[in-house]
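K.L.:
My questions all concern the structure below.
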Amino acid sequence: SLFQDFLRQLYLTPLYIGYSPSENLHLLTGFSAFVPLGSYDGSKLANSPTGNASYTQEFDLTWFPHPNWEVSVAPTFTINAKNDETDYRSGNVLNIDYLLGYRLQSNPKVQLGLVGYYTKQVTDDQWDHGELDDGNRLRKFAIGPQIFYAFDQTSGVVLKWMRETSVRNGPKGDSLWLEFAFPL
């Protein structure tokens, strides 16, 4: 059906709370839930959704030490629920996204940056039908360039490329992101 082909997972974020103790420092926190939609098919090599819900707590920090420089970190902690169709539960995961950006003095609408993430699974995977030798804990580190263009104060476009390194118990690859932000 059209629903199952396009809406595979619902991302719920009931409330984010922001606080700016100064014009150079901005903090944000919130709770999110990922709810799978559609059915999980154990005969497929890859499934979207994964067949389990997960719950994430996020904390974001953005600091402008100078008008041209931005330092941002966004740690999240995700608790994964069990997939009842496979009797498998992935472990809980700490992820930290980061950005070091420089806004061009000659054109302040353009920001060049270094972006990436560090992911570390902090608890073992669990399977009701046997033991997992090493807990199957995921670990990844990614890094790459980013370019951001601001159309105005509330909208812009970002292009970034990240290369994964130091990957353990997960797929390794590069990712290319094109993101847009605009008010509704």
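The values are calculated or read from the model by the stated rules, or taken from the named source; none is laboratory data. Computed from a prediction, not measured in an experiment: that's the story for all the values here. So basically every Cβ, Gly included, is an ideal-geometry build from the backbone, and we count neighbours across all protein chains shown.
K.L.:
Go over the candidates 126, 153, 111 one by one and state the one that is in contact with a strand residue (DSSP E or B) (Cβ under 7 Å, 6 or more places away or on another chain), polar (S, T, N, Q) and within 16 Å of residue 70 (Cα to Cα).
P.N.:
Answer to the check: 111.
To keep it simple, each residue is scored yes or no on (1) among the basic types (Lys, Arg); (2) assigned to a strand (DSSP E or B); (3) under 30 Å from residue 25 (Cβ atoms); (4) modelled with pLDDT of 95 or more.
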| residue | (1), (2), (3), (4) |
| --- | --- |
| 91 | no, no, no, no |
| 117 | no, yes, yes, yes |
| 129 | no, no, no, no |
| 137 | yes, no, no, no |
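K.L.:
Let me ask something else. Residue 176 - would you say it is under 24 Å from residue 29 (Cα atoms) and in a strand (DSSP E or B)?
P.N.:
It is false that residue 176 is under 24 Å from residue 29 (Cα atoms) and in a strand (DSSP E or B).
K.L.:
Need pairs with beta-carbon distance below 7 Å; first residue of a type in the set (Ser, Thr, Tyr) and within the range 128-149, second modelled with pLDDT of 85 or more; sequence gap 6+ or separate chains.
P.N.:
Within 7 Å, the pairs are 149/109; 149/110; 149/156; 149/157.
K.L.:
A further question follows. Restricting to the range 121-155, what's the tally of residues that are loosely packed, with under 14 Cβ neighbours inside 10 Å, farther than 28 Å from residue 107 by Cα and of a type in the set (Phe, Trp, Tyr)?
P.N.:
Residues in the range 121-155 being loosely packed, with under 14 Cβ neighbours inside 10 Å, farther than 28 Å from residue 107 by Cα and of a type in the set (Phe, Trp, Tyr): 0 in total.
K.L.:
Here is a follow-up. Within the bounds of the range 102-110, is there any residue that is under 18 Å from the mean Cα position of the chain (by Cα) and outside any strand (DSSP E or B)?
P.N.:
There is no residue in the range 102-110 that is under 18 Å from the mean Cα position of the chain (by Cα) and outside any strand (DSSP E or B).
K.L.:
Now a separate question. May I ask you to list the residues in the range 123-167 that are under 15 Å from residue 91 (Cα atoms), of a type in the set (D, E, K, R) and within 18 Å of the chain's Cα centre (by Cα)?
P.N.:
Answer for the range 123-167, where residues must be under 15 Å from residue 91 (Cα atoms), of a type in the set (D, E, K, R) and within 18 Å of the chain's Cα centre (by Cα): 137, 139, 140.
K.L.:
Continuing with this model, one more query. Sort out which residues of the range 150-166 are free of Cβ contacts under 8 Å to residues at least 24 places away in the same chain and not in a strand (DSSP E or B), and write them in order of number.
P.N.:
Selection gives 152, 153.
K.L.:
Count, please, the residues in the range 156-184 that happen to be farther than 30 Å from residue 136 by Cα and surrounded by 12 or more Cβ atoms within 10 Å (Cβ to Cβ).
P.N.:
Summing the residues that are farther than 30 Å from residue 136 by Cα and surrounded by 12 or more Cβ atoms within 10 Å (Cβ to Cβ) in the range 156-184 gives 5.
K.L.:
A further question follows. Looking only at strands (runs of 3 or more DSSP E) that lie completely in the range 1-72, which have at least 2 residues being loosely packed, with under 10 Cβ neighbours inside 10 Å and modelled with pLDDT under 95? It would help to see each step written out before you state the result.
P.N.:
Working: elements: 9-22, 25-36, 54-66.
By residue number, 9-22.
K.L.:
Right, another one. Answer yes if at least one residue in the range 147-169 is of a type in the set (Val, Ile, Thr), closer than 22 Å to residue 72 by Cα and at pLDDT below 95, and no otherwise.
P.N.:
yes
K.L.:
Taking into account only those residues within the range 88-118 that are of a type in the set (D, E, K, R) and farther than 19 Å from residue 138 by Cα, which is surrounded by the fewest Cβ atoms within 10 Å (Cβ to Cβ)? Step through it out loud before you land on a result.
P.N.:
Initially, the range 88-118 is screened for residues of a type in the set (D, E, K, R), giving 89, 97, 103, 109.
Remaining after also requiring farther than 19 Å from residue 138 by Cα: 103, 109.
Values: 103: 19, 109: 12.
If we take residues in the range 88-118 being of a type in the set (D, E, K, R) and farther than 19 Å from residue 138 by Cα, then 109 is surrounded by the fewest Cβ atoms within 10 Å (Cβ to Cβ).
K.L.:
Now a separate question. Being part of a strand (DSSP E or B) and without any contact (Cβ under 8 Å) to a residue 60 or more places away in the chain is true for just one of 97, 124. Which residue is that?
P.N.:
97 is the lone residue from the list that is part of a strand (DSSP E or B) and without any contact (Cβ under 8 Å) to a residue 60 or more places away in the chain.
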